[in-house]
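S.K.: Dropping a structure here in structure tokens format, bear with me for questions.
Throughout, read-outs are computed from the coordinates displayed, never taken from laboratory work. Predicted, not measured: the structure shown is a model, and the values here were computed from it. Cβ placement follows ideal geometry from the backbone for every residue including glycine, while neighbour counts extend to all protein chains displayed.
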């Protein structure tokens, strides 16, 4: 192995079939390795960001707010407050004398200007160090203004994104149980861990509506504070993106006895299975729900499958590498790619757990490389080694694929195309098709064939 | 004018270490290294990549809770070793963050210890710069990093080579490319620090490169001590002593600060300074482009005269852009920067005195809320700045002329040329066409000739 893979990183990779399964994960990122991971603050910010009628105030120096301004494709059907970037913009004197005064003044000012339904205040590295009592400031401002102000303890250095997810869940849990649950249907769910990227939550809600299931709160895509306040009135929690909101589901189970199910709205099987799970759950309340769900899935598939078959003709046998944030997406995408006749040969995530990787190893083909907390040079090496045709990742991974002349699909939170639901599966297939089938790859220097074709042509013409 | 609000809404600036990281991206075989929590490096990488669409590897000491308590030295050293193992580096540029500045990490000492501990290894140049995110903006970080390079890498007076040190500040790769070409055309040996022309706008690869080609070679930085003069664009963020000052003090190299050469007059004065330092004539191509620029300024003057522009972004960039707008007959009505600066207003008045009757409203330390509120009173026809002004342009239904950094909602931001007569010409076309497009779209007739 060459120097792109550091000795200390080797235990965080696995090649299926070449060795017994053993993978280290959930470790702090290695200094100097150029990890693709972000920080605790990032974890909290991405989870809470889509709550559209809340004020999101970043308490810290300006960068943390600047780099997260309007960053996600999480859209709202109403208020757009979440798309503004608020910061206390701490300066040197605030760091020396404490930032509490500035935080309090900022909160009062912004609440007066925007009349939010609630406010989240995010702690950053610096706030953890100078010891501002955010809790006390939030309590005081809540009492005076009547607006719930929730501290999110998301100091960047206190771990990775996972700790940030937990901090976000803790903050949201303080809202849960404060609203009136009157009028909520006994056949009702909360949609957890979906962020309404490009309107994806709306697609899923529409399915539930057809099944006669009420969606009480979206947590957090197109989310509203008042919905979260009353979401303890729902009969069932559906948890996607397990890393982000599982903790909230567990806390709600413990306190309110609401069961939860893990779901995924990506791909054909996982989408259908998620709907069937919900139908099963409510079968005793509505004997017809199963039939309604079967009909819904059948109708959707009758439209989708012929279209997929058409795209599959071009995609058959192509190879895929993917690097995602949490590994739930990887499970669904491996299955989705099989529908397109494509093989996933490299799969990795920033924050997967041992169980996640074990499960990935179980469903992936022999020879597949599994990697935890990878970095650009490792990913580039795997792309080359496996000679992949298309890479699935986020903005930071895009240039790694493109520089090598490899297709790319953005499956991250900035995307503007809905990839969930049955319609999303079609969009996904088209997205992959559009990248893989572009003629540009023929001319890439890495593909010797491209050079030959050009040279031959010149010779003929010349 | 004083800031109205305590809080910041939609900032018109980035944080200090971002500027330093960008400078180190413009050094050949260099890796920027942020001493702090992992998130800083990752967030900045994403932000930078969205504009340039190039790999941007920024290392981090990835500090956790323990390091925050006991100090980040061990992680810093381990991180540099790992960077050395993975990348064939000539230079590692270590920039601090709010975390490590607050816990009081002495990076200079850590690097000294590192050099002692690993003196048996071939060590890269290790440069450090203090960039607390709670002090200044990305431009203060930029200038501090350039100064650190001049201070820590240029150790000795090099043999006189008659070349010119050029410290161009934060421009686009197209701008750096233009300046390199100018050096070649005029026969002047330029040492441009930094140079992002290739590192941030490079070619396709046949094999993955750990680091991109291009950037200022470390050997050339060392030789800056033998130049005939240093030209520095802009006011260098109000530093008591900027990089050109360091070179002047240590090696007696004459230093000259000029406005970023955007537009006719600023380019004229840059060309004058260049010929003064290097004894060269203006290259034929630039003389020709100057004539073409004047020709275009005549052809298009009626379309844009009296149009009102809001200009925002980095202090030096806004000053130079306003100077250009003023000389072509567009009235800057608001000049805003996120930087807290006392010189900003003065420099603007100096730049516009000869060409504008009315001075723009001047706002330093501004965010987009301030800009929006000012703009509401000023009835602008155009916005000129980076892509974060889109929200305002959309609300006001006026064109946004995208220039500078970042441009996150269009393709090719790295290829926008701003400087030189050629840059002025292409900006001029963009401006005139934006005005024409707006009037054509708004006109019920839909004229085919304008």
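S.K.: Evaluate peptide A:149-157: per residue, the Cβ atoms of other protein chains within 10 Å of its Cβ; return the mean as an integer.
M.R.: Per residue, the average neighbour count from other chains is 4.
S.K.: Which whole number gives the average count of other chain Cβ atoms within 10 Å of the Cβ atoms across peptide A:378-384?
M.R.: Mean inter-chain Cβ contacts per residue within 10 Å come to 2.
S.K.: What is chain B by shape, rounded, prolate or oblate, if you read a ≥ b ≥ c off the alpha carbon gyration tensor as root eigenvalues and call it rounded for a/c under 1.5, prolate for a/b larger than b/c, and oblate otherwise?
M.R.: On the way: a/c = 1.89, a/b = 1.44, b/c = 1.31.
Prolate shape, in that a/c is at least 1.5 and a/b is the bigger ratio.
S.K.: Let me ask another. Quote the FRET efficiency, to the nearest 0.05, computed for residue A:338 versus residue B:88 with a Förster distance R0 of 30 Å and r equal to the Cβ-Cβ distance.
M.R.: Plugging the Cβ-Cβ distance into 1/(1 + (r/R0)^6) gives 0.15.
S.K.: If you average the C-alpha positions of the stretch A:249-301 and of the stretch B:268-292 separately, how far apart do those two centres end up, in angstrom?
M.R.: Centre-to-centre (Cα) distance: 72 Å.
S.K.: Obtain the nm distance between the two label points defined at residue B:358 and residue A:314 by a simple spin-label model: each point lies 7 Å from its Cα along the Cα-to-C-beta direction.
M.R.: Computed distance between label sites residue B:358 and residue A:314 equals 5.5 nm.
S.K.: Next up: Quickly rank A:111-118, B:217-224, B:31-38, A:323-330 as a protection proxy: mean count of other C-beta atoms within 10 Å, highest first.
M.R.: Descending mean neighbour count gives B:31-38, A:323-330, B:217-224, A:111-118.
S.K.: Can I ask one more? For a distance above 26 Å, tell me the whole-number percent of Cα pairs in the stretch B:171-295 that qualify.
M.R.: Summing the P(r) tail past 26 Å for the stretch B:171-295 gives 26 percent.
S.K.: I need the Debye-formula profile for the stretch A:314-448: one equal scatterer per C-alpha, no solvent, reported as log10 I(q)/I(0) at q = 0.11, 0.15, 0.20 1/Å, two decimals.
M.R.: The Debye formula, applied to the Cα set alone, gives -0.35, -0.66, -1.25.
S.K.: Between 0 and 90 degrees, rounded to the nearest ten: what's the tilt of helix A:421-436 against the longest Cα principal axis of chain A?
M.R.: Between helix and principal axis, roughly 50 degrees.
S.K.: Can you report the principal axis dimensions of the stretch A:264-345 using only the alpha carbons, biggest first, rounded to whole angstrom?
M.R.: Principal extents (Cα only, largest first): 45, 31, 12 Å.
S.K.: Now a separate question. Could you check what % of the DSSP bridge pairs in chain A are antiparallel, to the nearest 5? Please list the in-between numbers first.
M.R.: Numbers: 4 of 48 bridges.
Here the share of antiparallel DSSP bridges comes out near 10 percent.
S.K.: Could you work out how far the C-alpha centroid of the stretch A:53-70 sits from that of the stretch B:109-127, in angstrom?
M.R.: 37 Å
S.K.: If you don't mind, another one. Provide the percentage of antiparallel DSSP beta bridges, counting only those with both residues in the protein assembly as shown; round to the nearest 5.
M.R.: Roughly 10 percent of the DSSP beta bridges within the protein assembly as shown come out antiparallel.
S.K.: Next question, about the same structure. Quick check: from the Cα gyration tensor, does chain A come out rounded (a/c under 1.5), prolate or oblate?
M.R.: Oblate, because a/c is 1.5 or more while a/b does not exceed b/c.
S.K.: Once the Cα atoms of helix A:268-281 and of chain A are each reduced to a long axis, what angle between those two axes, in degrees from 0 to 90 to the nearest 10, is obtained?
M.R.: So the helix axis and the longest Cα principal axis differ by about 40 degrees.
S.K.: Okay, moving on. If each residue of separation counts as 0.36 nm, what is the full-extension length gain between residue A:284 and residue A:8 once their alpha-carbon separation is subtracted?
M.R.: Fully extending the segment from residue A:284 to residue A:8 adds 94.0 nm.
S.K.: Which residues in the stretch A:325-364 place their backbone N less than 15 Å from a point set 7 Å from the Cα of residue A:24 along the Cα-to-Cβ direction?
M.R.: Answer for this model: A:354.
S.K.: Go through B:127-140, B:424-437, A:415-428, B:291-304 and give me the packing order, highest mean Cβ count within 10 Å leading. Spell out each step's value before the answer.
M.R.: Working: B:127-140: 25.8, B:424-437: 18.8, A:415-428: 21.4, B:291-304: 14.6.
Order by mean packing, descending: B:127-140, A:415-428, B:424-437, B:291-304.
S.K.: Once you wrap a convex hull around the alpha carbon atoms of the stretch A:188-299, what is its projected area averaged over all directions, in nm²?
M.R.: If I average the Cα hull's projected area over directions, I get 6.5 nm².
S.K.: Below 8 Å, C-alpha to C-alpha, sequence gap of six or more: please give me the relative contact order for the stretch A:91-168 in percent. Don't jump to the answer; show the numbers that get you there.
M.R.: Values: 80 pairs, mean separation 26.1, N = 78.
Over the stretch A:91-168, the number comes to 33 percent.
S.K.: Report the Cα-based extents of the protein assembly as shown along its three principal axes, largest first, to the nearest Å.
M.R.: 90, 68, 64
S.K.: Would you tell me the mean number of C-beta atoms belonging to other protein chains that fall within 10 Å of each C-beta in B:54-67, as a whole number?
M.R.: Per-residue shielding by partner chains comes out at 6.
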